[in-house]
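The block underneath contains the structure these notes are about, expressed in structure tokens.
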Amino acid sequence: MTAAIRSPEPRRPRAARKPATAPANGKITSIARARRAKTGPMLPDYPASEKVITRPQIPVLKVLPDPQGQPAWLRSLLQVQRASCAVAFLLAGSAMTLYGLTVYGEQQWSQEYQKLENLRLSEQQLSAGSEVMKHQLAKEAENPETGLAPQNPADLIFLEPVPESRTPEETALPNLDPAIENRAEDQTPLGY
């Protein structure tokens, strides 16, 4: 058997109890006073007409819904959006690459075209210079002091063609088959 002993005073809840006051020079401090000391002094209550500065509230993070709980049409739209974003990035990258190559190609073409124009100008200058030299030589040739004479058909020299002769290698080795020798002569040209 269990017996309960009652205290002479009825028990009150802890929130309703008042802390005991300690002497001012004592080492015992009430919990409420210690809490006030940590948090700072109690601010006076201002009337509602005065503006009270409050701390900004920290935003609360919201939990996103479970993606498997989404309907199929919404999931398919999200997949289409992701695919279209990837395609858009690829197209933008290829367009920028193509633009860069076009600009680079045009720069190279303009440089090479400038070189071509310089070469054409040099060619014209060389042609003009050679014609001036030809004209100057013709003028000097007309001068009787140079000792040059005009061409005369009677002064031309004609050279006789050299008769066809065999090389020393062919004369040293006699050919045993005359059919091969005739065929080789037919295929070999007489001269160039």
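For this structure, a couple of remarks:
- When segment 71-146 is described by a simple charge dipole with +1 on each Lys and Arg Cβ and -1 on each Asp and Glu Cβ, the residue from Leu126, Pro71, Gln107 located farthest towards its positive end is Pro71.
- If you take all other residues with their beta carbon under 12 Å from the beta carbon of Leu148, and give Lys and Arg +1 and Asp and Glu -1, the sum is -2.
- Mean shadow area of segment 106-158, taken as a quarter of the surface of its Cα convex hull (nm²): 6.5
- Pairs of alpha carbons in segment 56-114 separated by more than 16 Å make up 70% of all such pairs.
- When Val63, Val87 are arranged by Cβ crowding within 10 Å, least crowded first, meaning fewest neighbours, the order is Val63, Val87.
The numbers here are math on the coordinates, done by the rules we state, and not lab data. All values derive from a computational prediction rather than experimental measurement. As a convention, Cβ positions derive from the backbone with ideal geometry for all residues, glycine included, and neighbour counts pool all protein chains shown.
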